[in-house]
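As structure tokens, the structure follows; a few thoughts come after it.
The values are calculated or read from the model by the stated rules, or taken from the named source; none is laboratory data. None of the values given here were measured: they were computed from a predicted structure. Positions of Cβ are backbone-derived with ideal geometry, glycine not excepted, and every protein chain shown enters the neighbour counts. When the accessible area is computed, the model is the full protein with side chains, heavy atoms only, and any ligands, DNA or RNA have been set aside. Shrake-Rupley method; radii C 1.70, N 1.55, O 1.52, S 1.80 Å.
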Amino acid sequence: MYDIWESDFGFREAGFEVFKSPITDERSILLIGYNPNYKQKHITEDEETGEVYHKSLHNYPDGFSMRHLTHLEDDSVDYRHKSTVKRCIFNNEPELLSEVVEMNRYFLRSSTSDSHSSVLNAVEDQDAVQAYEEFCRETNKEVLEKVDPDTVVIMSKDLSFEMIEEFGYEVTLNAEYEAKDFDYSDERESDVISTSLRTGETDSFDVVSLGNHLSWPGLGSTHYEFFSDIIPNHLPDPQS
């Protein structure tokens, strides 16, 4: 995949990130986002070579290794919505955080899901795009099968149950919830913003699907309370 990215996608300073956590079958929750994000402050330039790279790509490949902690557990990993994810999904409970394997549906870094689509649309060789998407799909499927979680939490409106169904599982909808927030903010397009949450199940695991990624600036305090009140109730009890 690295060769395809380097030759067909052109140089992307941010690179890509496949694994956000150790991949182990001893954890009961699989958390799936859309794709890894980055900020310009994470892009740096090597003073000697002039190479521009994301800080996580420094000293590739010698500096690369599997993660020993999830992003949520690792205090050295900082991103804007990390504390919100820990609070709204896991109720800030260390026992639950220790049950999580973290993944993204797509591995190429970008500032937003829309910019990820823009990167793919700019690639001339669509066979390379197809190879990238297939690599992401098969890797996610393999991780899902290895982890064998009790619950899968999908943290992106662009994925929902369809991603799980794409892997060959039949998802039965159990409940659907909706919340509205009326606190106007300059970052929002409207003073009334709705979000949703769906819960379902397959023969192998439960599914919780958020209507919006928790990093979306349109979300407000009512939405965060909504997620916090519902999601932890649908997660498995921490293993002793």
Would you confirm whether or not segment 223-236 contains a residue that is surrounded by fewer than 20 Cβ atoms within 10 Å (Cβ to Cβ), assigned to a loop (DSSP other than H, G, I, E, B) and modelled with pLDDT under 95? yes
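Please count how many residues of segment 27-49 are modelled with pLDDT of 80 or more, of a type outside the set (Phe, Trp, Tyr) and open to solvent by 30 Å² or more (accessible area, probe 1.4 Å). First the steps, then the outcome.
The initial filter retains those residues of segment 27-49 that are modelled with pLDDT of 80 or more, namely 27-36.
From what's left, of a type outside the set (Phe, Trp, Tyr): 27-33, 35-36.
In the following step, the residues that additionally are open to solvent by 30 Å² or more (accessible area, probe 1.4 Å) were identified as 27.
Number of matching residues: 1.
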Looking at residue 78 and the list (1) modelled with pLDDT of 70 or more; (2) touching a helix residue (DSSP H, G or I) at 6+ places or on another chain (Cβ under 9 Å), which single condition is not satisfied? (2)
Considering residues of segment 154-169 that are in a loop (DSSP other than H, G, I, E, B), in contact with a strand residue (DSSP E or B) (Cβ under 8 Å, 6 or more places away or on another chain) and more than 11 Å from residue 140 (Cβ to Cβ) only, the residue most open to solvent (accessible area, probe 1.4 Å): 157
